[in-house]
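Read-outs: derived from the displayed coordinates by stated rules, not from any lab. All values reported here derive from a predicted model rather than from experimental measurement.
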Amino acid sequence: MSCIHDDIIQKYIDGETNREEVAFIENHIATCKKCGLKIENQRRVAASVKKAINLLAKDSLEIPEFAIPSRPVKKPSLTIKRFSYIITAACILLFVIVITNKKEMKSQVEITRDTDFAMDIDANRPVSQFPLVINIVDADGNIYEYFIK
């Protein structure tokens with residue numbers, strides 16, 4: 001029977017071996033005193049290294065106590081009175097915007113561009129030879145039509 005290698009011993013000590021390897025190692029230790037001593041020495045070395053780098057020390061966590069307020073903090077709520085003020089202000093603002101837009105629209109001249117032709121289209125002539133029609137609508141709704149040849 002062959003003895004166990006050092007790398008497998010370290011895996012066994014660290015708990016990284018599978019079931020078959022554990023069974024093999026434990027059966028071998030029962031018959032081979034040399035490998036049993038090797039495992040014990042390796043465990044002592046690993047323990048001293050872990051102790052030296054503080055891996056064996058248990059971390060202690062200190063959880064601070066929670067301060068529970070004696071009375072609950074009141075969030076500002078949206079009351080009906082406050083909500084009605086907000087709605088009223090929004091309505092007034094909307095009304096002012098609509099009125100000022102109507103006044104501005106009356107002072108502006110609306111210019112639209114129409115691509116219609118004032119006569120029947122002759123397919124034998126190029127489009128550049130047809131007259132251009134410009135329609136201008138003023139604030140009172142009057143339509144002025146201009147032909148450009």
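Using amide H atoms built in the peptide plane, which far-off residues or other-chain residues are under 5 Å from Val133 H to H?
Result for Val133 returns Ile148.
Dividing the Cα radius of gyration by the Kirkwood radius, what Rg/Rh value follows for region 6-52? Each step should come with its number before you reach the end.
Numbers: Rg = 10.9 Å, Rh = 11.0 Å.
My calculation puts Rg/Rh at 0.99.
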